[in-house]
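Student: Okay, handing you the structure first.
The values are calculated or read from the model by the stated rules, or taken from the named source; none is laboratory data. None of the values given here were measured: they were computed from a predicted structure. Positions of Cβ are generated from backbone atoms using ideal geometry, with glycine treated the same way; all protein chains shown enter the neighbour counts.
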């Protein structure tokens with residue numbers, strides 16, 4: 001079981017790193033070529049449509065992973081029934097995208113971008129269903145390759161559109177086309193590995209229990225999306241497109257690193273679901289703490305390192321036009337550690353049938369985030385949104401940890417020790433990088449920082465010789 005988790009986590013992490021690198025380069029090209037205001041428009045159209053993906057998914061993917069992990073012989077029946085429902089939900093979500101884009105009174109140019117982005121939602125929903133079945137079968141290598149190749153195709157189409165000066169909506173189509181292709185790719189490997197045969201049906205005896213089991217996941221997903229994008233929605237009405245452009249750069253940078261906890265939880269979720277049926281709480285606690293160690297060893301130096309180079313990084317890659325994004329990035333980057341650990345705890349709560357409680361926690365965080373944004377945005381513009389995001393994530397982490405510790409035994413001393421062993425090496429590394437930037441280019445400082453962090457982590461006990469074995473390190 002541990003080898004399977006390690007292998008799948010490695011597949012997802014490797015593919016996600018490559019995908020994020022391509023995405024990072026692609027967004028830099030976009031931001032430099034189309035300017036701050038158009039970048040804000042482009043970013044908002046994608047963000048707006050993504051919110052409605054939760055309607056098309058309806059929380060069914062999480063239920064499918066959990067149920068297939070426990071009852072794999074029903075895979076064909078589950079998939080064919082859910083495929084019919086997903087197609088209907090995809091069309092419904094697109095109608096709602098058009099409706100709300102008009103109700104909220106966005107400009108004609110923004111609405112056109114939203115309409116094109118909405119088509120992508122339908123295809124994304126279908127491919128997500130197939131990928132969920134492959135996750136349940138612990139065959140994550142196909143999803144790993146698929147997400148990487150989709151980003152490569154997006155970059156090729158998008159870069160071509162920029163070079164030929166095509167209209168802005170072609171940059172959105174650059175996501176739609178690979179999403180369409182991914183449906184067939186994921187469907188093929190689902191048929192090959194899960195035994196699925198295409199025969200859409202509408203079985204009430206399957207759909208009805210799935211619908212009710214998915215409701216808490218759906219509520220949590222839509223709250224989670226609003227939690228992630230409510231700041232963008234509020235900015236679209238309170239601030240202008242230029243401010244959205246300033247926000248889009250640090251947001252994309254921070255979001256680029258979310259693949260790390262996603263990769264881990266994709267591997268952990270079906271395993272915890274299976275362990276829960278045997279009431280093996282001690283093993284679940286061990287998996288969670290080992291997962292946290294893996295995450296903290298990565299996220300701590302990542303946060304402090306980006307903070308240390310933020311000024312030079314933004315100006316060098318995005319030009320001086322995005323200078324207001326620097327302070328936003330310095331604040332927003334510290335949300336990573338809390339969001340990373342929140343991902344794993346949310347997966348645990350869902351896996352042990354506590355999704356209702358997870359939904360309530362997310363609802364509380366959403367209301368808090370909206371209140372903070374309404375207070376801070378008019379005064380501090382996009383910097384206020386960054387402060388709001390940080391405070392909301394901190395409070396959500398504290399509340400979720402309190403609930404998880406009621407379910408499984410997580411010694412507070414062990415948690416503090418994990419943080420302590422990763423914090424001080426990261427602080428030492430960041431201080432070194434800040435100092436060296438007075439004399440060297442920041443890229444060389446990053447390289448030195450990696451060695452400083454690694455050495456300090458060994459000294460403080462965060463890293464050991466056994467960690468050089470990647471499988472033992474992950475779990």
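Student: Based on this model, can you work out whether residue 325 counts as at pLDDT below 90, surrounded by 20 or more Cβ atoms within 10 Å (Cβ to Cβ) and over 20 Å from the mean Cα position of the chain (by Cα)? Steps first, please.
Tutor: On the way: at pLDDT below 90: no; surrounded by 20 or more Cβ atoms within 10 Å (Cβ to Cβ): yes; over 20 Å from the mean Cα position of the chain (by Cα): yes.
Here the answer is no, as residue 325 does not meet what is asked.
Student: Which condition number in (1) within 21 Å of the chain's Cα centre (by Cα); (2) closer than 30 Å to residue 272 by Cβ; (3) in contact (Cβ under 8 Å) with a residue 40 or more places away in the chain is the one that residue 367 fails?
Tutor: (3)
Student: Hey, among 250, 261, which residue is closer than 22 Å to residue 231 by Cβ, buried (at least 20 other Cβ atoms within 10 Å of the Cβ) and either touching a strand residue (DSSP E or B) at 6+ places or on another chain (Cβ under 7 Å) or modelled with pLDDT under 85 (or both)? Even if it seems obvious, please write down each step before you answer.
Tutor: On the way: 250 fails: either touching a strand residue (DSSP E or B) at 6+ places or on another chain (Cβ under 7 Å) or modelled with pLDDT under 85 (or both).
Only one candidate passes the filter, namely 261.
Student: Let me ask you something else. Taking residue 357 as meeting all but one of (1) over 30 Å from residue 30 (Cβ atoms); (2) in contact (Cβ under 8 Å) with a residue 60 or more places away in the chain; (3) in a helix (DSSP H, G or I), write down the number of the exception.
Tutor: (2)
Student: Here are some residues: 408, 415. Which one is surrounded by fewer than 20 Cβ atoms within 10 Å (Cβ to Cβ), touching a residue at least 12 places away in the same chain (Cβ under 8 Å), on the phi < 0 side of the Ramachandran plot and out of contact with any helix residue (DSSP H, G or I) (no Cβ under 7 Å at 6 or more places or on another chain)? Before the answer, list the steps.
Tutor: Working: 408 fails: out of contact with any helix residue (DSSP H, G or I) (no Cβ under 7 Å at 6 or more places or on another chain).
Unique residue meeting the criteria: 415.
Student: While we're looking at this one, here's another question. Checking the conditions here, which among 223, 177, 260 is under 23 Å from the mean Cα position of the chain (by Cα), under 27 Å from residue 356 (Cβ atoms), part of a helix (DSSP H, G or I) and in contact (Cβ under 8 Å) with a residue 12 or more places away in the chain? First the steps, then the outcome.
Tutor: Values: 177 fails: under 27 Å from residue 356 (Cβ atoms); 260 fails: under 27 Å from residue 356 (Cβ atoms).
Residue meeting the stated conditions: 223.
Student: Looking at the range 377-402 only, could you name the residues that are without any contact (Cβ under 8 Å) to a residue 24 or more places away in the chain and surrounded by 22 or more Cβ atoms within 10 Å (Cβ to Cβ)? Before you say what the answer is, go through the steps one by one.
Tutor: Narrowing the range 377-402 to residues without any contact (Cβ under 8 Å) to a residue 24 or more places away in the chain: 379-380, 384, 391, 398, 402.
Answer for the range 377-402, where residues must be without any contact (Cβ under 8 Å) to a residue 24 or more places away in the chain and surrounded by 22 or more Cβ atoms within 10 Å (Cβ to Cβ): just 384.
Student: Please work out which residue is modelled with the lowest pLDDT, limiting yourself to the range 453-469 and to residues that are surrounded by 14 or more Cβ atoms within 10 Å (Cβ to Cβ) and part of a helix (DSSP H, G or I). Explain how you work it out, then say what you get.
Tutor: Going through the range 453-469, the residues surrounded by 14 or more Cβ atoms within 10 Å (Cβ to Cβ) turn out to be 453-458, 460, 462-463, 467.
Next, from what is left, pick out any that are part of a helix (DSSP H, G or I): 453-458, 460, 467.
On the way: 453: 92, 454: 91, 455: 91, 456: 90, 457: 88, 458: 90, 460: 85, 467: 63.
Among those that are surrounded by 14 or more Cβ atoms within 10 Å (Cβ to Cβ) and part of a helix (DSSP H, G or I), it is 467.
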